[in-house]
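Read through the structure below, which is laid out as structure tokens, and then see the notes.
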Amino acid sequence: MKGAINFGTAICVFLTILLLGASCKKFTVLNSDPNNITVDKASADYLMAGVLTQSAMWYGNLGSGQLSGAMQQTAQDAWGNTFSQYAWSPMDWSTNYSILRDNKFLLVKAQQNGWKFHQGVAMVMRAFNYGNIADFWGDAPDSLALNGDLDGSENQFPVFDAQDAIYARVIRDLKAAIPFFEGNADDYKEITSATRSSDVFYGGDPAKWKRLAYSLLLRYYMRQSSKIDVKADVEAISGEVFQDNGDDFSMPLPGIDAGTSYQFASKFQSRSGYDRNKMSGTLTMRLKDLQDPRIVIMAEPIQTPSVVDASKFAAGDNTTLVNLENGIRYINPAAAAASHFKQFNPATYSTDRPYGAVLSSVWGLYDTSSRYVGVPISYSNNDFSYNINGTGTQSTSINNYVSYLRKDIYDNPSGPLLVQKLASYTEICFDLAEAALKGWNVKGGTAEDWYNRGIQASFDDWQVFAKYQSDVDGYSGCVKSYSSYIAQPSVAFNNTLQRIIEQKWIASWQACNEAFMDWRRTGYPALTIGWASYRQQIPLRFAYHNTEIQNNTDNANKAISKLETTPYVGPDGANSCWSKFWLLQGTGKPW
């Protein structure tokens with residue numbers, strides 16, 4: 001993966017910005033009163049660096065964390081009820097609005113000085129962050145937000161703008177930002193060495209910011225494509241978006257402390273904080289079926305393989321369940337049947353362990369199908385015991401029969417593959433494939449062309465057939481080249497949206513934000529829940545936090561009244577993670 005700046009520069013930026021403390025405290029060096037930041041005293045580059053890094057950390061940690069669990073790519077087998085069982089609680093958006101407040105100061109400062117580059121960046125980041133708020137919560141304060149320093153109740157208690165109105169504002173901001181990025185860096189007197197260091201994404205390159213603005217436009221056009229006509233809009237910009245992986249909107253992680261590192265690395269937390277993160281069985285099984293080589297950069301092979309073999313047990317023995325011999329664990333089929341255990345099969349999982357069934361009536365499951373084994377979604381309340389594991393505990397999460405995340409990559413604070421990815425060329429390829437599939441006039445190729453490019457970009461991004469070719473060659477369960485992969489009938493383009501979205505889902509590894517958005521609007525991939533799931537379906541949105549409801553009651557309640565309840569809201573009422581907002585209302589998606 002290509003970082004916009006080298007790790008040394010990123011570390012310097014983080015040291016001077018993130019490590020100085022929280023959003024208010026980080027400005028104490030520049031402001032006599034850090035709680036009342038004034039534009040005349042704050043450095044635009046300093047403000048910009050803070051906005052960019054904080055946006056990256058919030059979005060990136062969500063994509064490799066909670067949403068990775070929601071999209072069934074990773075699992076947490078201890079203390080993972082939010083992650084793997086969908087026990088979502090109302091979410092506070094104060095971090096998002098804190099970023100937007102700082103971004104407002106950046107925009108004002110840039111406007112006062114006539115700095116085009118900084119104005120463009122501020123407008124893109126305003127669009128990006130308001131887009132996130134609309135994506136996850138729905139209606140939210142926008143037009144009158146961030147005016148708490150002004151008199152009037154309308155500023156102290158801002159109205160919640162409609163979700164579609166926020167999306168319209170996002171698109172206006174992105175379009176308005178584009179003219180600020182004309183020319184190259186040498187044409188902008190305001191782009192100094194400090195600016196290049198503060199721009200942790202693109203090092204002060206206006207051309208890349210321009211492509212980003214177009215790429216985010218494509219994202220939000222496709223986001224709303226089931227609700228409004230965006231055909232002409234997509235066609236008009238299809239040739240202006242990201243051109244290769246080098247355009248990715250991503251930030252390398254310096255790994256200085258817990259706040260600047262890969263969030264699950266053990267260096268800055270307990271050992272079990274890393275060990276509880278395992279692969280999801282949904283993803284491992286699908287990659288096995290597709291003979292997908294990307295598994296080698298995702299997962300650690302299981303430490304102890306399992307084999308079902310009756311010959312390793314005495315005749316008539318139906319009580320001895322397992323036997324360890326020469327580094328292999330043998331499972332006794334007679335004892336497994338007597339104990340109500342069977343092989344995990346995604347196709348029958350929902351009937352083997354139906355949601356809410358009496359525990360004594362459901363099957364216990366094991367998996368001997370591969371050297372890479374994941375935990376089935378919402379398997380139990382103590383997933384550390386999955387795959388007949390007798391040694392795991394809630395506090396240690398030790399399991400020799402399930403795949404951890406690949407430790408030499410992910411158990412590190414930083415590394416060449418550890419970036420906060422906010423948008424990618426891979427995403428754009430699949431978006432254009434979907435648009436072309438609709439029959440829209442997309443520049444650069446057919447739906448099949450863009451689909452294949454998306455797969456190729458994902459392989460290149462993760463260095464699968466470069467740095468990790470020897471690992472690919474050493475694993476008998478996968479193909480050995482890109483051409484062999486796309487030639488498989490289960491992978492080859494078949495003119496269906498389902499196939500495009502499935503490959504986009506796989507490519508979203510460690511950045512599942514867009515996978516969640518795509519699943520929500522299309523229903524693909526077809527994900528199920530498990531026996532221990534909090535509700536009978538996957539949640540759709542973040543519920544408004546109680547703090548907002550208490551402090552801005554009337555406006556919050558008006559927004560809540562517009563939500564469409566579903567059979568899965570349970571005792572939550574309308575302000576539920578299982579309610580539908582404007583984007584989903586009337587679409588029948590994802591359920």
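The values are calculated or read from the model by the stated rules, or taken from the named source; none is laboratory data. Predicted model only: the values in this text are computed from it and were never measured. We place every Cβ from the backbone using ideal geometry, glycine too, and count neighbours over all the protein chains shown. Areas reflect the complete protein model, heavy atoms only, side chains present, ligands, DNA and RNA absent. Shrake-Rupley method; radii C 1.70, N 1.55, O 1.52, S 1.80 Å.
A few comments on the model shown:
- Filter result for residue 197 (open to solvent by less than 10 Å² (accessible area, probe 1.4 Å), assigned to a helix (DSSP H, G or I), at pLDDT 95 or above and of a type in the set (Ser, Thr, Tyr)): no
- Residues that are more than 30 Å from residue 154 (Cα to Cα), in contact with a Ser or Thr (Cβ under 7 Å, 6 or more places away or on another chain) and of a type in the set (Asp, Glu) number at least 2 in none of the helices (runs of 4 or more DSSP H) confined to segment 456-563.
- Members of segment 132-177 that are part of a helix (DSSP H, G or I), over 19 Å from residue 582 (Cβ atoms) and either among the polar types (S, T, N, Q) or open to solvent by 50 Å² or more (accessible area, probe 1.4 Å) (or both): 153, 154, 155, 156, 175
- All positions within segment 355-370 that are more than 20 Å from residue 332 (Cα to Cα) and either in a helix (DSSP H, G or I) or in contact with a helix residue (DSSP H, G or I) (Cβ under 9 Å, 6 or more places away or on another chain) (or both): 359, 360, 361
- Members of segment 220-246 that are open to solvent by less than 50 Å² (accessible area, probe 1.4 Å), assigned to a helix (DSSP H, G or I) and within 20 Å of residue 436 (Cβ to Cβ): 220, 221, 222, 223, 234, 235, 237
- Total residues in segment 570-591, condition open to solvent by 20 Å² or more (accessible area, probe 1.4 Å), within 25 Å of the chain's Cα centre (by Cα) and either closer than 12 Å to residue 138 by Cβ or not basic (Lys, Arg) (or both): 7
- Test for residue 453: is it in contact with a helix residue (DSSP H, G or I) (Cβ under 6 Å, 6 or more places away or on another chain), of a type in the set (Lys, Arg) and within 30 Å of residue 134 (Cβ to Cβ): yes
- Applying the criterion of being in a helix (DSSP H, G or I) and open to solvent by 60 Å² or more (accessible area, probe 1.4 Å) to the residues of segment 336-349, the residue that is nearest to residue 376 (Cα to Cα) is 337.
- All conditions but one from (1) open to solvent by less than 30 Å² (accessible area, probe 1.4 Å); (2) small (Gly, Ala, Ser); (3) closer than 30 Å to residue 386 by Cβ apply to residue 98; the one that does not is (3).
- Reported count of residues in segment 272-321, each being part of a helix (DSSP H, G or I) and either buried (at least 20 other Cβ atoms within 10 Å of the Cβ) or touching a residue at least 24 places away in the same chain (Cβ under 8 Å) (or both), is 17.
- Residue that is nearest to residue 542 (Cα to Cα) [pool: residues in segment 67-111 that are touching a Cys at 6+ places or on another chain (Cβ under 7 Å) and among the polar types (S, T, N, Q)]: 68
- Single residue of segment 21-61 satisfying the filter (part of a loop (DSSP other than H, G, I, E, B) and among the small types (Gly, Ala, Ser)) that is modelled with the highest pLDDT: 43
- With respect to (1) at pLDDT 95 or above; (2) surrounded by fewer than 18 Cβ atoms within 10 Å (Cβ to Cβ); (3) in a helix (DSSP H, G or I), the lone exception for residue 82 is condition (1).
- Of 229, 205, all but one fail to be charged (D, E, K, R) and more than 17 Å from residue 583 (Cβ to Cβ); the exception is 205.
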